[in-house]
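Heads up: the structure comes next, in structure tokens.
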Amino acid sequence: MTKLRSRVIGMGSFLPPRVVTNEDLAQLMDTSDEWIVQRTGIRERRWVEGVTSTSDLALQASRRALDSAGLDAEDLDMIFLATLSPDHFFPGSAVFLQTKLGLAGIPAIDVRQQCTGFVYALSMADQYIRTGSAHRILVVGAEVHSKGLDKSTRGRDVTVLFGDGAGAVVIEATKVETPRSDAHLLSTHLFTDGAFAEELWVPAVSTAFDEEIVDQRMLDRGDQYPKMNGRQVFVNAVKRMPEAVETALEHNGYEVADVDLFVFHQANLRINEAVAQRLGAAPEKVFNTIDKYANTTAATIPIGLDEAVRAGRLQPGMLVALAAFGSGFTWGSALLRW
Ligand code: ACO
């Protein structure tokens, strides 16, 4: 029986040109290249300059994704933009991206699921395609972290981990007749446990603390900067990401060995090595970009897909597994026949 499914028909990424090495960070705070590389695998990251915003990065990645699909922006039915570093408190950044693409009218939706944002956005977009409500959707992950990091020694545990960047895919409805071989998104699997919300968060600006969303006490405490319980994140990420991949494989009747490429969220190289080990996946099947770009949160997976295609590591016909874990805690997976 023919089924209506999504398939990726274009992808693109954009990294701002300014490279910030670990040595550069050591000029700003008490840290070292050795500490960062040993614990995270990160060697450098990109930071925007001047007034560049999250929707600016999203625009560049989106244009490249549209170009690679051979489409114009007018061919889109919807936009999903996943980010935890929006242009403004409201409205969402997807509306700014929409205008910058020269569009009006179609729905433009923000997804606020942090490191798992792209997997959530892809899942939501897929539901619209499956029901026949939309034919072509742009799904973007974009972040400007550098403007929201504590660049003093106080913030070093978090600041060294993050970078700026954007990635985008265009998905299109396709009729799948032979599920084992036709290119399509097989399934997505989403999870949340809000009990861990404060283990990795930016407390302010906030409606939860006081009578104003921001005041001097919040700023003095540094509540506008990310706070992280690194150990909790590590322990949960290495448990939840393999679980999510196994759920996706089981759902579709595949084994770990059937997967040709794993494109995981890039939080930390040690996390991804531990995830591969728990799954029993061959390390060479895991595509990592963290050494060059650090953690770009919602952008890591679409950047990874784009780079894997460019590097010839992701070829038509391959089975690719995506998995992410992050603030919320949220986590999820997706399985695609490329
Ligand atoms: N440079 C130098 N020293 C540092 C730095 C730094 N950037 N940051 C922390 N330290 C110090 C700490 O102050 C501590 O010093 P102390 O022993 O004198 O108190 C020491 O280094 C050791 O700190 P630990 O937290 O014990 O180091 P650990 O080996 O646990 O590694 C890390 C920390 C890398 C954050 C680890 O917990 C981890 O990988 N956690 C996962 C977090 C993560 O990847 N988050 C990404 C964002 S979330 C996501 O995307 C899912």
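Taking the longest Cα principal axis of the chain as reference, the axis of helix 269-279 is set at about 40 degrees. For the stretch 3-176, the per residue solvent-accessible surface stands at 40 Å², with DNA, RNA and ligands left out and a 1.4 Å probe.
Computed packing ranks the peptides 30-37, 113-120 as 113-120, 30-37, most packed first, by mean other Cβ atoms within 10 Å. Per-residue Karplus couplings for the stretch 232-249, computed as 6.51 cos²θ - 1.76 cosθ + 1.60 with θ equal to phi - 60°, are listed in order as 4, 4, 4, 4, 6, 4, 6, 8, 6, 5, x, 4, 5, 5, 4, 4, 5, 5 Hz, Gly and Pro entered as x. Of the peptides 48-54, 185-191, the order by per-residue mean of other Cβ atoms within 10 Å, starting with the highest, comes out as 185-191, 48-54.
Give the average over all directions of the projected area of the C-alpha convex hull of the stretch 1-145, one decimal, in nm². Could you put the intermediate results ahead of the total?
Working: hull surface 43.8 nm².
With the hull built on Cα positions only, its mean projection is 10.9 nm².
A crude spin-label estimate for the pair Glu34 and Asp72, with each label 7 Å from Cα along the Cβ direction, gives 5.8 nm.
Under Stokes-Einstein, with the Kirkwood radius over Cα pairs as Rh, the value for the stretch 98-203 at 37 °C and 0.692 mPa s is 196 µm²/s. Surface composition of the stretch 233-334: carbon and sulfur make up 48 percent of the accessible area, probe 1.4 Å.
DSSP beta bridges confined to the stretch 184-337 are antiparallel in about 80 percent of cases. Taking 0.36 nm per residue of sequence separation and removing the Cα-Cα distance, the Gln224/Glu212 pair yields an extension gain of 2.9 nm. Averaging Cα coordinates gives a centre for the stretch 267-287 and one for the stretch 1-22; these two points are 21 Å apart.
Shown here: the chain, whose C-alpha atoms stretch 61, 47, 37 Å along the first, second and third principal axes, sorted largest to smallest. Using R0 = 56 Å, the C-beta based FRET efficiency linking Arg154 and Thr2 works out to 0.45. Projected over every direction and averaged, the convex hull enclosing the alpha-carbon atoms of the stretch 184-337 yields 10.2 nm².
With the full set of protein chains in place, find how many percent of the accessible area of the stretch 3-176 is carbon and sulfur; take the probe as 1.4 Å. Percent of accessible area from carbon and sulfur atoms in the stretch 3-176: 48.
Lys-Lys pairs in the chain that are eight or more residues apart or on separate chains and whose Cα atoms lie under 30 Å of each other come to 13.
Along the axis of the charge dipole computed for the stretch 214-266 (Cβ charges of +1 for Lys and Arg, -1 for Asp and Glu, origin at the Cα centre), the listed residues Met218, Phe234, Phe262 are led at the positive end by Met218.
Its Cα centre serving as origin, the chain has a Cβ charge dipole (Lys and Arg +1, Asp and Glu -1) of approximately 580 debye.
Solvent-accessible surface of the stretch 184-337, taken per residue with a 1.4 Å probe and all protein chains present: 42 Å².
Let's test the formula: R0 of 45 Å, r as the Cβ-Cβ distance of Arg231 and Arg310. What FRET efficiency results, to the nearest 0.05? Plugging the Cβ-Cβ distance into 1/(1 + (r/R0)^6) gives 0.80.
The values are calculated or read from the model by the stated rules, or taken from the named source; none is laboratory data. Every value quoted in this text rests on a predicted model; they were computed, and no experiment measured them. Cβ atoms come from the backbone with ideal geometry, glycine included; neighbour counts cover every protein chain shown. The accessibility values were calculated without ligands, DNA or RNA, using every heavy atom of the protein model including side chains. Shrake-Rupley method; radii C 1.70, N 1.55, O 1.52, S 1.80 Å.
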